[in-house]
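Novice: The structure follows.
Just so you know, all these numbers are worked out from the coordinates, no wet-lab data involved. Note that the structure is predicted; figures quoted are calculated from it, not measured. Note: ideal-geometry Cβ built from the backbone for every residue, glycine included; neighbour counts use all protein chains shown.
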Amino acid sequence: MAPQTQSLPQHHTPIDPRSLRDAVEAHQRYLAGRGGGRRLSLTHADLSNFDLQGVDLREADLAGACLAGANLSGANLSRVILFGADLREADMRRINLKRADLRGACLRGANLTMAQMAGCDLREGRIAVQDKLDGFRVLRHENRPGELNYAILSGANLSGAHLNGTMATASDFTEAVLAGAHLAGARLTRAVLDGADLSNADLGGADLTGASMRRAVVAGANLEHARLDDADMTNALHGPGPAVYIDDRPLDEVLAAHEAYCDSNGKSGAVTNLPGVDFRPLRALKGRRLTALIAPRSVFFGLDLRGVHLQGADLTGCDFRGADLREADLRGARLFETQLGRADLRGAQLGPLTIAPGRHVRTDFTRANLRAADLRGASAPRARFLEANLDQARLDGCNMLNAELEV
């Protein structure tokens, strides 16, 4: 059975492009504190299919407005009132909706790829609708949940967002950030949540029937009374154990022996081979000397790895999502199929590692996921990025001289 579509008020006030342009210009003066400024208020306005790409409408009032099919890509709508608004099929890629009031709004089929929606409110709203016989001469009120059915939210940031009771059937939340989000009672049937960060989210009583949650992070999430029938949670990342032991030795002690090996040029300590280890119980590896570490398929999710030494390390298939790798030394590291989404690699060394006169090993990011990673100021000359996902990655000032990229 197809999900029920919300009935939305059909009465909207038409507005011509010139009036809209004047209102937007007055709003810009309002935001800048200049004379003649006026906060934009277009409640129940018909803005369907308008081109509002990149517009700055912070703090505007668009309650009940119709923006169906509008182009809002890259727009700044932080703290905007969109209570009960119609945003069906709107292009909202990379939009800023931080702390926006979207209660009772309909975003059915909207494209919110890489949207910034931290702290936004998509809970139920009490909406005034026209009477079937008497139209707007007689108003009645009904409670309507926010709707995200069939919406695309791939890579969107919804951390701390209020989505209690929201309808999001078959929506695409691939690699979205929903950390600490409020999703109690939400309808997420058949939703795609592959690689999504749901750490510490409240999913109590949510309906996740048939949802795809492959590689999703559910550490600390509340799943009490949630429906998970036929949900695919393959390789989902749950909370770490209190400690990790390798051959009855604490993980930190094993790493200390590896550091001793590096510092003594092999005269003491031992090379460490740690495939599939969850390093999260250590909380941080800041500045540790782990050159040539062998740790394929290991978990470093969200760890503080600032200034870590991982030259020549085998980190194939590891999970570094959200990790802090600022100023890390990853020269010559093997990062084949490694997850680095939203990782902070500012100032990291990602160039070739000299192993002998005239011999170099390149850093290999083949098939790695660097979506929305921050590589500003990093040094990656001659690094290999074949089939790597660099969508929305920040590359300002990154030295990629002679890097091997897809043509």
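Novice: For helix 251-263, what angle does its Cα long axis make with the longest principal axis of the chain, in degrees from 0 to 90 and rounded to 10?
Specialist: Computed tilt is about 60 degrees.
Novice: Can you tell me the order of 224-235, 362-373 when each peptide is scored by its average per-residue count of other Cβ atoms within 10 angstrom, highest first?
Specialist: My ranking of the peptides, most packed first, is 362-373, 224-235.
Novice: Identify, among 42, 236, 254, the residue whose Cα sits farthest towards the positive end of the charge dipole of the chain, taking +1 on the Cβ of Lys and Arg and -1 on the Cβ of Asp and Glu, with the dipole about the Cα centre.
Specialist: 42
Novice: I would also like to ask the following. With +1 on the Cβ of every Lys and Arg and -1 on the Cβ of every Asp and Glu, and nothing else charged, how large is the dipole of the chain about its Cα centre, in debye rounded to the nearest 20?
Specialist: Rounded to the nearest 20 debye, it is 860 debye.
Novice: Related question: Please state the shape class of the range 335-382: rounded when a/c is under 1.5, otherwise prolate if a/b exceeds b/c and oblate if not, all from the C-alpha gyration tensor.
Specialist: oblate
Novice: Normalised by the residues of the chain, what does the relative contact order come to in percent, with Cα pairs under 8 Å and at least six apart?
Specialist: 6
Novice: May I ask for the net charge around residue 344, where only other residues with Cβ less than 13 Å from the Cβ of residue 344 are counted and Lys, Arg are +1 while Asp, Glu are -1?
Specialist: Its environment carries a net charge of +4.
Novice: Still on this structure, please answer the following. Give the shape of the range 270-333 as rounded, prolate or oblate, defined through the alpha-carbon gyration tensor: a ≥ b ≥ c are the square roots of its eigenvalues, a/c under 1.5 means rounded, and otherwise the shape is prolate if a/b is larger than b/c and oblate if not.
Specialist: Values: a/c = 1.42, a/b = 1.07, b/c = 1.33.
Verdict is rounded for the range 270-333.
Novice: Counting helices only, and only those DSSP H runs with n ≥ 4, report the 222 nm mean residue ellipticity of the chain as the sum of -39,500 (n - 2.57) divided by its residues, in deg cm²/dmol to the nearest 500.
Specialist: Only helices count here, giving -2500 deg cm²/dmol.
Novice: What distance in nm separates the two pseudo spin-label positions at residue 252 and residue 124, each 7 Å out from Cα along the beta-carbon direction?
Specialist: 4.8
Novice: How much net charge surrounds residue 219 when only the other residues with a Cβ under 11 Å from the Cβ of residue 219 are counted, with Lys and Arg +1 and Asp and Glu -1?
Specialist: -1
Novice: Could you list the square roots of 5 times each eigenvalue of the Cα gyration tensor of the chain, that is, the equivalent ellipsoid semi-axes, sorted largest first and rounded to whole Å?
Specialist: Taking √(5λ) for each eigenvalue gives 47, 25, 16 Å, largest first.
Novice: Hey, another quick one. Report the label-to-label distance for residue 18 and residue 360 in nanometres (one decimal), using points 7 Å from each Cα along the Cα→Cβ vector.
Specialist: About 6.2 nm separates the two model spin labels.
Novice: Hey, another quick one. Given the options 270, 199, 100, identify the residue whose Cα lies farthest towards the positive end of the charge dipole of the chain (+1 on Cβ of Lys, Arg; -1 on Cβ of Asp, Glu).
Specialist: Of the candidates, 100 comes out farthest on the positive side.
Novice: Tell me, what is the percent relative contact order of the range 249-407, built from C-alpha pairs under 8 Å that lie six or more residues apart?
Specialist: Dividing the mean separation by the residue count of the range 249-407 yields 14 percent.
Novice: Binned at 10 Å from 0, what are the whole-percent values of the Cα-Cα distance distribution for the range 181-231, short to long?
Specialist: 32, 64, 4
Novice: Let me ask another. Can you give me the angle between helix 17-32 and the longest principal axis of the chain, using Cα atoms only, in degrees from 0 to 90, rounded to the nearest 10?
Specialist: The two axes meet at around 60 degrees.
Novice: Let me ask you something else. Is the range 43-114 rounded, prolate or oblate when judged by the Cα gyration tensor, a ≥ b ≥ c being the square roots of its eigenvalues, rounded requiring a/c under 1.5 and prolate requiring a/b larger than b/c?
Specialist: Rounded is the answer for the range 43-114, as its axis ratio a/c remains below 1.5.
Novice: Now, a different point. Could you give the alpha-carbon Rg of the range 249-407 over 2.2 N^0.38 Å, rounded to two decimals?
Specialist: The range 249-407 yields a ratio of 0.98.
Novice: So, one more: Taking the dipole about the Cα centre of the chain, with the C-beta of Lys and Arg at +1 and of Asp and Glu at -1, give me whichever of 393, 27, 167 is farthest to the positive side.
Specialist: 27
Novice: If you rank 120, 262 by fewest surrounding Cβ atoms within 10 Å, what's the result?
Specialist: Placing the least packed residue first, the sequence is 262, 120.
Novice: Size of the dipole of the range 249-407 about the Cα centre, Lys and Arg at +1 and Asp and Glu at -1 on the beta carbon, nothing else charged, in debye to 20?
Specialist: Details: 23 positive and 20 negative charges, 34 e Å.
That gives a dipole near 160 debye.
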